[in-house]
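Report on the following structure.
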Amino acid sequence: MNPVMRDVKTHIETERLILKMPEPGDGTAVNAAIQRSVNELKPWLGFVQETPTVEDTESNAREAHAKFLLRQNLRYLVFLKEDRTFVGSTGFHRMDWDVPKFELGYWMDTAHSGKGYMREAVEALTAYALNDLGGARVEIRCESENKRSRAIPESLGFELEGTLRNDDLSVDGKRLTDTCIYAKVREKGA
């Protein structure tokens, strides 16, 4: 089946959060979170090596919207249910609809970290992928030294399947890094 024909939820609600597909106009809130969090995000994420402008982030949100509709990348922006405050971004960044399998990524607004919001969002997306999208595998890859990122799959019962040594360059391009691969899989036949 052509992935664009697959029904995918544009909004997912949890106890405290609303996860929604990026839409035109979301760039301002996302950029404000990036600005607040740039020092914490810079060691791990390429898109903050040069701090993006509001226009850059708005352009990125619009591109993410298009990719969502084409089922090429399913990014979800994370908002607090109580007041619609933007707190982070997550989603399926690499997908193989034939298997099907999904790789989850995420980042958090520093002002809202430590409250379990990203754990809650990742848990909801993992369940959605395995139960509703028929996923056989959900994978999270993160740099071995990124303890905060690793804590999420570890707390959700993902299995550390391995560490790829000297797998990548650090985002600043100055050193080799190791990549941890965590996964949750649906049992065969289930």
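For segment 157-178, the set of residues classified as surrounded by 16 or more Cβ atoms within 10 Å (Cβ to Cβ) and within 26 Å of GLU120 (Cβ to Cβ) consists of PHE158 only. Scanning segment 33-44 for any residue that is of a type in the set (A, V, I, L, M, F, W, C), touching a helix residue (DSSP H, G or I) at 6+ places or on another chain (Cβ under 8 Å) and in a loop (DSSP other than H, G, I, E, B) turns up at least one such residue. Here GLN72 passes the criteria (1) at positive phi; (2) of a type outside the set (Ser, Thr, Tyr); (3) within 16 Å of the chain's Cα centre (by Cα); (4) part of a loop (DSSP other than H, G, I, E, B) except the one numbered (1). Only one entry in ARG148, ARG141 is among the basic types (Lys, Arg), within 28 Å of ILE34 (Cβ to Cβ) and crowded, with 16+ Cβ neighbours inside 10 Å, namely ARG141.
Select, from SER59, SER37, the only residue that is among the small types (Gly, Ala, Ser) and closer than 30 Å to ASP178 by Cβ. Of SER59, SER37, the one residue that is among the small types (Gly, Ala, Ser) and closer than 30 Å to ASP178 by Cβ is SER37.
Residues checked against (1) among the aliphatic types (A, V, I, L, M); (2) modelled with pLDDT of 95 or more; (3) out of contact with any Leu (no Cβ under 8 Å at 6 or more places or on another chain):
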position: MET5; (1), (2), (3): yes, no, yes
position: THR14; (1), (2), (3): no, yes, yes
position: GLY25; (1), (2), (3): no, yes, yes
position: HIS65; (1), (2), (3): no, yes, yes
position: LEU74; (1), (2), (3): yes, yes, yes
position: LYS101; (1), (2), (3): no, yes, yes
position: MET108; (1), (2), (3): yes, yes, yes
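Scanning segment 10-23 finds no residues that are assigned to a helix (DSSP H, G or I) and either in contact with a Phe, Trp or Tyr (Cβ under 9 Å, 6 or more places away or on another chain) or touching a residue at least 60 places away in the same chain (Cβ under 8 Å) (or both). Looking across segment 122-178, just one residue is touching a residue at least 60 places away in the same chain (Cβ under 8 Å) and among the β-branched types (Val, Ile, Thr), and that is VAL171. Close Cβ contacts (under 8 Å, 6 or more residues apart or on different chains) running from residues in segment 43-62 that are touching a residue at least 24 places away in the same chain (Cβ under 8 Å) and within 22 Å of CYS142 (Cα to Cα) to residues that are part of a loop (DSSP other than H, G, I, E, B) and among the aliphatic types (A, V, I, L, M) comprise PRO43/VAL171; TRP44/VAL171; LEU45/VAL171; GLY46/VAL171; GLN49/VAL171.
Of all the residues in segment 50-59, those that are assigned to a loop (DSSP other than H, G, I, E, B) and open to solvent by 50 Å² or more (accessible area, probe 1.4 Å) number 3.
Sort out which residues of segment 68-77 are open to solvent by less than 90 Å² (accessible area, probe 1.4 Å) and either without any contact (Cβ under 8 Å) to a residue 12 or more places away in the chain or not aliphatic (A, V, I, L, M) (or both), and write them in order of number. PHE68, ARG71, ASN73, ARG75, TYR76, listed by residue number.
Against the definition (within 18 Å of the chain's Cα centre (by Cα) and either farther than 18 Å from LEU104 by Cα or open to solvent by 90 Å² or more (accessible area, probe 1.4 Å) (or both)), how does LEU80 come out, yes or no? Working first, answer last.
Values: within 18 Å of the chain's Cα centre (by Cα): yes; either farther than 18 Å from LEU104 by Cα or open to solvent by 90 Å² or more (accessible area, probe 1.4 Å) (or both): yes.
It is true that LEU80 is within 18 Å of the chain's Cα centre (by Cα) and either farther than 18 Å from LEU104 by Cα or open to solvent by 90 Å² or more (accessible area, probe 1.4 Å) (or both).
Within segment 101-110, is there a residue that is surrounded by 16 or more Cβ atoms within 10 Å (Cβ to Cβ), in a strand (DSSP E or B), in contact (Cβ under 8 Å) with a residue 60 or more places away in the chain and of a type outside the set (Lys, Arg)? Yes, the conditions are met somewhere in segment 101-110.
The values are calculated or read from the model by the stated rules, or taken from the named source; none is laboratory data. Predicted model only: the values in this text are computed from it and were never measured. Neighbour counts are summed over all protein chains in view; Cβ atoms, including those assigned to glycine, are modelled from backbone coordinates with ideal geometry. In case anyone asks, the SASA skips ligands and DNA or RNA and just uses the protein heavy atoms, side chains included. Shrake-Rupley method; radii C 1.70, N 1.55, O 1.52, S 1.80 Å.
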